[in-house]
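**Student:** Have a look at this one.
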Amino acid sequence: MKLLSIVVPCYNEQEVLPMFYDKITEVMGQMMEKHSELTYEVIFINDGSKDATLQGLRKYAAMDERIRYISFTRNFGKEAGMFAGLEAAKGDYVVVMDADLQHPPEFLPQMYEYVSSGEYDCATTRRVSREGESKIRSWFARKFYSIMNKISQTEIVDGAQDYRFMTRQMVDSILSMREYNRFSKGIFSWVGYRVKYIEYKNVERAAGTTAWSFWGLFKYSIEGIVAFSTAPLAIASLLGVISCLIAFIMAIVIIVQKLTVGIAEPGYPTIVCLILLIGGIQLFTIGILGQYLAKTYMECKRRPVYLVQETEEDVRKNLPEQ
Ligand code: UDP
Ligand code: MG
């Protein structure tokens with residue numbers, strides 16, 4: 001028998017949860033009919049939802065033994081949710097997907113074919129359109145990918161998503177990366193393996209609202225850059241070298257000027273401008289250093305990525321014996 005673990009991070013998903021449950025049960029039912037060797041488990045991660053997500057999960061776990069869940073003590077973020085799910089997954093294959101049906105379960109059979117045939121270690125979807133997303137957001141997203149790929153050795157594919165169907169071997173590799181600051185787009189790519197990209201058009205969220213604000217995404221992209229590239233540190237040194245060069249050239253110009261034609265004006269505005277410019281560059285580069293220092297600081301504290309409040313076992317313990 002082959003077990004497929006489906007990992008689903010959920011944050012305030014009470015509206016889509018029933019839709020997701022029905023859909024996944026239907027799709028997996030069909031898949032198991034076709035592949036008799038296949039069984040599955042669904043692991044929901046309740047990431048500190050403030051709505052009735054947890055109540056819904058308790059209900060499903062009580063009535064369906066294939067449903068498992070992990071409930072966090074507070075909101076730890078989607079990265080922590082995925083990590084917890086991967087740690088809990090027992091499957092020979094593991095798939096990570098969103099609860100809002102933006103990662104259509106209809107792709108699962110196709111992904112299973114690609115990975116189980118042994119041709120690929122991972123199958124994932126890649127959006128080729130960003131329909132239903134604001135123009136500015138798409139523009140920033142595209143810029144992020146192009147900058148990221150210039151400055152980082154780890155390739156981050158534009159439009160690739162966190163909808164990943166993986167072998168146990170790949171999951172174990174991902175789990176061996178114990179970093180606290182988890183940027184999974186980078187992690188998925190860093191581990192390597194043979195990846196099949198399935199292209200599709202963007203699907204809008206089935207219900208509920210996205211938890212990502214523009215500012216949140218911006219901070220996330222900075223985190224991605226800091227986590228997978230040290231180029232900003234090199235840029236900081238480069239700025240220092242450039243300003244030294246400019247200062248050197250200016251010194252020569254001034255000396256030559258003094259010796260030949262003489263200097264008429266006192267040069268006060270030039271000095272103010274230069275002080276401001278150099279001060280600005282210094283603060284900017286110290287800021288870059290600070291970003292890395294902050295990450296190093298968080299990393300060396302070795303805090304757990306997430307904390308668990310309850311799991312499906314707590315619900316099943318209290319069920320009457322049948
Ligand atoms: N999510 C989560 N923790 C968070 C934010 C989001 O577990 O702090 C989950 C959310 O429930 C969903 C997935 O991550 O299943 C993707 O979130 P969302 O749909 O809000 O993001 P988008 O699709 O807009 O990128
Ligand atoms: Mg979504």
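**Student:** Need the list of aspartates and glutamates near Lys23 for cross-linking: C-alpha distance under 18 angstrom, and skip anything on the same chain fewer than eight residues off.
**Tutor:** Glu13, Glu15, Glu33, Glu41, Asp64, Glu65, Asp98, Asp100, Glu106, Glu204
**Student:** Sticking with this one: Taking a cut-off of 22 Å between Cα atoms, list the lysines near Lys295, but don't count ones fewer than 8 places away on the same chain.
**Tutor:** Lys78, Lys150, Lys185, Lys219
**Student:** Please name which of Thr210, Ile246, Ser146 has its Cα lying farthest along the dipole of segment 96-254 towards the positive end, using unit charges on Cβ (Lys, Arg +1; Asp, Glu -1) and the Cα centre as origin.
**Tutor:** Selected residue: Ile246.
**Student:** Between Glu313 and Lys219, what is 0.36 nm times their sequence separation minus the Cα-Cα distance? Round to one decimal in nm.
**Tutor:** 30.2 nm
**Student:** Label Glu113 and Val241 with points 7 Å out from Cα along Cα→Cβ: what is the distance between them in nm?
**Tutor:** The two pseudo-label positions are separated by 5.2 nm.
**Student:** Once you put a point 7 Å from the Cα of Arg168 and another 7 Å from the Cα of Leu233, both along the Cβ direction, what distance in nm separates them?
**Tutor:** Label-label distance for Arg168 and Leu233, simple model: 3.8 nm.
**Student:** Right, another one. Under a plain spin-label model, where a point goes 7 Å from the Cα along Cα-to-Cβ, how far apart in nm are Ala211 and Tyr297?
**Tutor:** Distance between the two pseudo-spin positions: 2.5 nm.
**Student:** To the nearest 500 deg cm²/dmol, what mean residue ellipticity at 222 nm is calculated for the chain from DSSP H runs of n ≥ 4 alone, each contributing -39,500 (n - 2.57), summed and divided by the residues? Display every interim value, and only then the final one.
**Tutor:** On the way: 11 runs with 166 residues, N = 322.
Taking each H run of at least 4 residues, the total per residue is -17000 deg cm²/dmol.
**Student:** Ranked highest first by average number of other Cβ atoms within 10 Å, how do 188-198, 159-169, 135-145 line up?
**Tutor:** 159-169, 188-198, 135-145
**Student:** In straight Cα distance, which lysines are under 27 Å from Lys317, not counting same-chain residues fewer than 8 positions off?
**Tutor:** The reachable lysines, counting only those whose Cα sits under 27 Å from Lys317, are Lys2, Lys50, Lys59, Lys90.
**Student:** So, R0 is 30 Å and r is the distance between the beta-carbons of Leu274 and Ala141; what FRET efficiency does that work out to, to 0.05?
**Tutor:** Taking R0 as 30 Å, the efficiency between Leu274 and Ala141 is 0.20.
**Student:** Compute the long axis of helix 135-151 from its Cα atoms, compare it with the longest principal axis of the Cα atoms of the chain, and write down the angle in degrees, 0 to 90, nearest 10.
**Tutor:** Relative to the chain, helix 135-151 is tipped by roughly 70 degrees.
Readers should treat all values here as calculations from the given coordinates under stated rules, not as data from a laboratory. None of these values were measured; they are calculated from a predicted model. As a convention, Cβ positions derive from the backbone with ideal geometry for all residues, glycine included, and neighbour counts pool all protein chains shown.
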